[in-house]
Each structure stands twice: as structure tokens, then as C-alpha cells.
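Structure first, commentary second.
Read-outs throughout are calculated quantities, based only on the coordinates presented, and are distinct from any laboratory measurement. Model, not experiment: these values are computed from the prediction. Cβ sites come from the backbone with ideal geometry, for glycine too, and all protein chains shown count toward neighbours.
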Amino acid sequence: MEQVIHFFTVVSPLELSLIFFSKAIEVTISTLRQILVNKGYRTQGTILSFFEIVLWVFMAARVVTGIAQAPIKGIVYSMGFSLGVYLGSLIENYIGLGKVMIQAIIPQEKSEGLIVMLRSKGYGVTVIKARGRDSEKTVLMIFANRKGKESLIEEIYRNDAGAMIISNDVTVLRGGYISAARKLFK
């Protein structure tokens, strides 16, 4: 029992908290950096990488020093890593960087009103006539900002609750119609 108590008390709670939160912040930054670079925001990713590596160097040195005597440091460091991945993905999802292409497959008779409404809101909509199993369909291809895509999808569902909707991240978008307001947000 004494060894268990020693395992958890050999390092001060303040030092363990510092390790945990510093690692969580560092990995949050790392997760955001990777996502930014993958989406083409290289400059912002490069700036984040500086802060990420500064935190990593000092925290890794703090953990590695004396880890044989205090393995709890490694456990706390790992817990901070896990929290950082989670927080980074939450933040990135909230920020919603990038573009998506939403494809909506709807019955032809419900398409015209939806097309007019989407275009009036500034969306570029490409219309393709298609044939489904039992009826004529319309495929709408809509490029939009990732942030707010849920409201766009809800708008389509309000028009047709049975619509089939596919959403894909877009890494390259060149040409076509993009309203001036939407260009501001990459």
C-alpha cells in the first residue's frame, strides 16, 4: 500500500497539472496544425508549429527527467495527449475551415423551388438531370463553406425530407460561380 501511495505522491500535484495541461494544449495545437496544413492553410499551420514545438521541448524534458522514479509523469503526459487530440478536433470542427461539396438527389418536381432559393442565398448550384430506380431525379451540386453546412443540409431537408445528401470536403476549387461574400472565407 505504501508503494501505491508513493507512486501517486512522488510528484507534486502542481507539476502533474502543469504536465497534463501543457501536453493537452500542445496536442490541441498539433491537431489544429495538421488539419490546417491539410486544408491548405500552410502559413497558419507553420505559425502554430512554432508554439507546438516550444511546448513539446519543455514538457518532454520535464517528463523524461526522473521518469524512472516517477512513472506517473508518463501516465499524466499520455492523458494530456488524449485530451489534446479531442479538444483539437472539437475546435477545428467549431471553426469549420474549408469548403464542401454537397450533392442532393431529389425528385425532379421538388427541385425548381429549391434551386431558386439556394441561388437567391448566394450558393452556386449545378443541376444534373438523373434517373432513379422509380422516377426522374435532379442532382444538385452545391459548393459551400464547411462552417454552416448543417444549416444548408437542413434547408434541403425542409424542401424534401427524403432527399439523399452527400457531403465531401473540397481541397481544390477553381473557377465556376462563387459569390463575393463566400470568397472572403476561402
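Could you tell me whether any residue of segment 39-53 is touching a residue at least 40 places away in the same chain (Cβ under 8 Å) and hydrophobic (A, V, I, L, M, F, W, C)? For segment 39-53, residues touching a residue at least 40 places away in the same chain (Cβ under 8 Å) and hydrophobic (A, V, I, L, M, F, W, C): absent. A Cβ distance below 6 Å, combined with a sequence gap of six or more or placement on separate chains, defines the contacts here; from segment 78-103, residues that are closer than 19 Å to Ile53 by Cβ reach residues that are among the hydroxyl-bearing types (Ser, Thr, Tyr) in the pairs Gly84/Thr28; Val85/Thr31; Leu87/Thr28; Gly88/Thr28; Gly88/Thr31. Tally the residues that are part of a helix (DSSP H, G or I) and either touching a Pro at 6+ places or on another chain (Cβ under 9 Å) or of a type in the set (Ser, Thr, Tyr) (or both), restricting the search to segment 28-54. Qualifying residue count for the region: 6.
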